[in-house]
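K.L.:
I have a structure I would like to understand better, so I am pasting it below and will then ask my questions one at a time.
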Amino acid sequence: MGVTGSRENSAKKPVVLIVGGGYGGVKCAQLLDKNGQFFVVLIDRKSYFLNNVATLRACVEPNCARRIMIPYDRLLTHGCVVQAEVISISSNGVMVHGYDQPIHFNYLIIATGSSYAFPGKIAEVQRAQAISHYSSMREQIAQAHRILVIGGGSVGVELCGEVATDFPGKEITLVHSGSTLLQPNVFNEKLYTNLQRQLEKLNVKILLNERIKLINVASTQSSVNYIYGEKTFLTENKKQSITADLTFICTGAPVNNKSLMKSDLAEKIDPQNGRLRVNGYLQVEGCTNIFAIGDISNKENQMAYYAEIQAEYVASLIRLIEGKKSYPKEYQASQYPVMFVTVGRNGGTGQLPIKSGLVVGNMLVKLIKSKDMFISRTISTMNYKAQSLDESSPNHSSTYSDKLTSLKECMELTEEDAEHLLVGLPEKQVELGQDFV
């Protein structure tokens, strides 16, 4: 592990430390790095940004995986990305695995996100190995005749849609504990019926108000959430027997909060949902220079859409605070639910975040999401082109001494400590229930 895309901090700029390189973290890092006012340090355990909106497409489409895992090395112009595993986050600094001193900051943005076992997300640190996992998953789906998906939330629904579209003829069963797909009584009734109708048109068998008790199989605490090989399950209510060659467990997306649990920020965590309590300015309660955005914040639902909007607000606010200007209006959380769920690359349905809860059909959802899954936009955001994803970054040509200088100055490190970070920190094996950040 190590550092990419760094530049010197000769002006002793305020250090903005961002923990978590997901949608919100990347958005905030780019906005604050843009004009060089701050020295931005983004920390993530992976060597690449994962466009997890498209991970289920990568399970069925050849060569898709390499296009949804974009290296961080072209992300920042003035700051740097540190590839390291975060051990603890406190008001006094951030500790990372393999380095015994806290990394200090002027501003801290906690954007640790949430974990979801493979294939919804992936814990693999290195890009090449992660791509290989998705290639193997596609082969397993291709070989399976009977596929069972347990959990009818957005991940379960979209997985069924991807498999049924690209592998027609598979016997696919979706089991969900709710009376409708997704979360009942949250969205317009038309959205639920649209989703169910589109899946059933693709010959997906849907069992609502049913559960399957999982004994001695993969759990939401594992880094993988599927079972390969023939296995027979029994539903709890109607006692239906279901035999599958490949079973996906699409339940639960715990927030990444373990790095907060043993610090002074632990008391800021809402015990009801494990997320940090924030005020109207997205500042962690009782803190003026520590912010929480995305899934780890209790401000809005867990969704990349909200994470990026919150990132824009926080980046703007930090500039105002640093310039000793008046605070803006408080962040306005969305009053109305929004959802865009794909059913393969040609289908899907969605609900707009307006009072009427207008439901849109597959044509608009295809245009917005289903067709490309934000892949092209994300590649561009990370300052890459699709054809250059496997090429070395131009940043690698910058001299070792420039990177060393930037680390020494922005983190107030000795030359020996800066060299230690620059050469690379040791990787840490994923543990049971571990955060993916």
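K.L.:
Any residue that is in contact with a Phe, Trp or Tyr (Cβ under 7 Å, 6 or more places away or on another chain), modelled with pLDDT of 65 or more and open to solvent by 30 Å² or more (accessible area, probe 1.4 Å) - is there at least one of those in segment 369-383?
P.N.:
There is no residue in segment 369-383 that is in contact with a Phe, Trp or Tyr (Cβ under 7 Å, 6 or more places away or on another chain), modelled with pLDDT of 65 or more and open to solvent by 30 Å² or more (accessible area, probe 1.4 Å).
K.L.:
Oh, and also: Would you tally the residues in segment 35-55 being more than 15 Å from V16 (Cβ to Cβ) and open to solvent by 10 Å² or more (accessible area, probe 1.4 Å)?
P.N.:
Residues that pass the stated criteria total 5.
K.L.:
Only residues that are part of a helix (DSSP H, G or I) and either more than 24 Å from A117 (Cβ to Cβ) or aliphatic (A, V, I, L, M) (or both): list them for segment 53-72, please.
P.N.:
First, the residues of segment 53-72 that are part of a helix (DSSP H, G or I): 53-58, 65-68, 72.
Of everything in segment 53-72, those that are part of a helix (DSSP H, G or I) and either more than 24 Å from A117 (Cβ to Cβ) or aliphatic (A, V, I, L, M) (or both) turn out to be V53, A54, L56, A58, A65, I68.
K.L.:
Right, another one. Show the residue pairs meeting these rules: Cβ distance below 8 Å; 6+ apart or different chains; first residue within segment 263-284 and farther than 14 Å from L108 by Cα and small (G, A, S); second residue assigned to a loop (DSSP other than H, G, I, E, B) and open to solvent by less than 30 Å² (accessible area, probe 1.4 Å).
P.N.:
G274/N257; G280/Y331
K.L.:
Among the numbered conditions (1) open to solvent by less than 30 Å² (accessible area, probe 1.4 Å); (2) in a loop (DSSP other than H, G, I, E, B); (3) modelled with pLDDT of 95 or more, tell me where A307 comes up short.
P.N.:
Evaluating A307 over (1) open to solvent by less than 30 Å² (accessible area, probe 1.4 Å); (2) in a loop (DSSP other than H, G, I, E, B); (3) modelled with pLDDT of 95 or more leaves (2) as the failure.
K.L.:
Another question, then. So which strands (runs of 3 or more DSSP E) are wholly in segment 73-138 and hold at least 1 residues that are surrounded by fewer than 24 Cβ atoms within 10 Å (Cβ to Cβ)?
P.N.:
Ranges flagged: 86-90, 93-96, 99-103, 107-110.
K.L.:
A further question on this structure: Tally up the residues in segment 231-264 that are among the basic types (K, R) and either closer than 15 Å to Y116 by Cα or under 18 Å from the mean Cα position of the chain (by Cα) (or both), please.
P.N.:
Counting residues in segment 231-264 that are among the basic types (K, R) and either closer than 15 Å to Y116 by Cα or under 18 Å from the mean Cα position of the chain (by Cα) (or both) gives 1.
K.L.:
Has segment 242-249 got any residue that is among the small types (G, A, S) and in a loop (DSSP other than H, G, I, E, B)? Talk me through it step by step, then tell me what you get.
P.N.:
Our first condition is that a residue be among the small types (G, A, S); within segment 242-249, this holds for 244.
From what's left, in a loop (DSSP other than H, G, I, E, B): none.
Among the residues of segment 242-249, not one is among the small types (G, A, S) and in a loop (DSSP other than H, G, I, E, B), which makes the answer no.
K.L.:
Follow-up question, since we're still on this one. Tell me which of these G151 doesn't satisfy, since it passes every other one: (1) within 24 Å of G274 (Cβ to Cβ); (2) modelled with pLDDT of 95 or more; (3) open to solvent by 20 Å² or more (accessible area, probe 1.4 Å); (4) under 24 Å from the mean Cα position of the chain (by Cα).
P.N.:
If we test G151 against (1) within 24 Å of G274 (Cβ to Cβ); (2) modelled with pLDDT of 95 or more; (3) open to solvent by 20 Å² or more (accessible area, probe 1.4 Å); (4) under 24 Å from the mean Cα position of the chain (by Cα), just (3) comes out false.
K.L.:
When L17 is evaluated against the numbered criteria (1) open to solvent by less than 10 Å² (accessible area, probe 1.4 Å); (2) within 13 Å of the chain's Cα centre (by Cα); (3) at pLDDT 95 or above; (4) closer than 19 Å to A84 by Cα, which criterion, by number, is the only one it fails?
P.N.:
(2)
The values are calculated or read from the model by the stated rules, or taken from the named source; none is laboratory data. Owing to the predicted nature of the structure, the values given are computational and were not obtained by experimental measurement. So basically every Cβ, Gly included, is an ideal-geometry build from the backbone, and we count neighbours across all protein chains shown. For the accessible areas, the whole protein counts, side chains as well, though only heavy atoms, and no ligand, DNA or RNA atoms are used. Shrake-Rupley method; radii C 1.70, N 1.55, O 1.52, S 1.80 Å.
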